[in-house]
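The values are calculated or read from the model by the stated rules, or taken from the named source; none is laboratory data. From a predicted model like this one, the values you see are computed outputs, not experimental measurements. All Cβ positions, even for glycine, are placed from backbone atoms using ideal geometry, and neighbour counts span all protein chains on display.
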Amino acid sequence: MTGTKDLRLPALRRFAFAITLLNVLGHTVLGFEQSWAAPLVGIATAYAAEIGLELVAAWQQARRPRFLARGHGLTGAVDFLLSAHITGLAVSMLLYTGERLAPVAFAAAVAIGSKYIFRAPAAAPAAPAGIGGSRHFLNPSNFGITLTLLVFSYVGITQPYMFTEKLNPTGAWVLPAVLVCAGTFLNGRFTHKLPLVAGWVGGFVLQALVRWWLFGNLPLGSLMPLTGVSLLLFTFYMVTDPATTPVPAARQVAFGAAVAAVYGVLLASHVVFTPFFALTLVAMGRGALLWALAWRRATAAAGAVGAAATVGTVGTAGKAGAVGPAPQPAAASHQVAAGQQVAASQQVAASQQVSAGQRVMEAAAGR
């Protein structure tokens, strides 16, 4: 939006630094049990996938790759890879694969690929559009983790104790407090996703109470996972992804509450790895809704053009059949012409949004 500073890039830079620091501390101080090769493989795979798919998209759209944009130089290339850097470290940190590295590479590649394949027309002019006027709707890291857990039966999630295993009791309290404070600042100052955090946390408490009422689950036991480091990272750094969540505050609350509701249903159905599956399902539902709204806008624009054309035809026929030409009032004729122009422009814009999203999906899927 004109006159409004875009804070997404500063947020990405700070988050990339924070997750890099957390990985280094995790392997040296905290107690991560993954090998040092895991984050390196995750980053390398994410970089390669991001650059390769961007080259394909740029070729298909006859434009320069974003990491080679004029006037940005090395800084622009580094900024372009920030998202891939975060994704590669996130999947290697949150997945526990033992000594196996193939699942880490698979997760990173799937995560980056989902950004180019699963896209929807940009919902609002104020929202930052992505490739070809569309944007991805699946959280890349979360989707990569979800599909990896489904494909590789021997892969699990990094257990919460690994984040504090080598810390003394004071450190075990300090680390979650730092994560909460840093996450609150990041989401309040840069991403403006605190309403989503409130919706998720409030919904989490509500689903715990509902499961207590329906199934007799201990309420404190149902609430305790939210205090673990893994779910704190999910709360402040995963579910709040700016590119794949709503912008208006009310919709943010609804999105967070929906993730919590699906979480409760899956948990009651004895589904493991529940937060990641819940977020993927809600994000897919939002993507389907974005496509439905785009189709509705295109249909409405086509109907408006048809109605305007009918009005113009009737007016011309009436003039031809009259003994003397009865001039229309100037205001009425201007209204008809303006209505035709607006309707035509709406139809063109809507059709371009839908076709652009389809072209990008086709290009990333096979071209």
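A few remarks follow.
- Those residues of segment 272-298 which are under 19 Å from Val201 (Cβ atoms) and hydroxyl-bearing (Ser, Thr, Tyr), in sequence order: Thr274
- Of residues in segment 151-162 being part of a helix (DSSP H, G or I) and either aromatic (Phe, Trp, Tyr) or at pLDDT below 95 (or both), the one surrounded by the fewest Cβ atoms within 10 Å (Cβ to Cβ): Tyr161
- Test result for Gly202, exposed (fewer than 15 other Cβ atoms within 10 Å of the Cβ), part of a helix (DSSP H, G or I) and at pLDDT below 95: no
- Residues that are touching a Phe, Trp or Tyr at 6+ places or on another chain (Cβ under 6 Å) and part of a loop (DSSP other than H, G, I, E, B) were ranked within segment 234-257; the one that is farthest from Gly133 (Cα to Cα) is Val239.
Rundown of residues vs (1) farther than 30 Å from Phe190 by Cβ; (2) touching a residue at least 12 places away in the same chain (Cβ under 8 Å), yes/no style:
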| residue | (1), (2) |
| --- | --- |
| Gln207 | no, yes |
| Met224 | no, no |
| Val229 | no, yes |
| Thr235 | no, yes |
| Met238 | no, yes |
| Val253 | no, yes |
| Leu289 | no, no |
| Ala292 | yes, no |
| Gly303 | yes, no |
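- Restricting Lys193, Lys166 to residues that are touching a Pro at 6+ places or on another chain (Cβ under 9 Å) and basic (Lys, Arg) narrows the list to Lys193.
- Restricting segment 79-115 to residues that are over 21 Å from the mean Cα position of the chain (by Cα) and of a type outside the set (Ser, Thr, Tyr), the residue that is surrounded by the most Cβ atoms within 10 Å (Cβ to Cβ): Pro103
- In the set (1) acidic (Asp, Glu); (2) part of a helix (DSSP H, G or I); (3) farther than 19 Å from Leu147 by Cα, the condition left unmet by Glu50 is number (3).
- Flag for Arg189 being in a helix (DSSP H, G or I), among the charged types (D, E, K, R) and within 30 Å of Ser134 (Cα to Cα): yes
- Of everything in segment 49-71 that is small (Gly, Ala, Ser) and surrounded by 16 or more Cβ atoms within 10 Å (Cβ to Cβ), the residue that is farthest from Phe106 (Cα to Cα) is Ala58.
- The lone exception for Glu165 - which of (1) part of a helix (DSSP H, G or I); (2) within 26 Å of Gly26 (Cβ to Cβ); (3) not aromatic (Phe, Trp, Tyr) it fails: (1)
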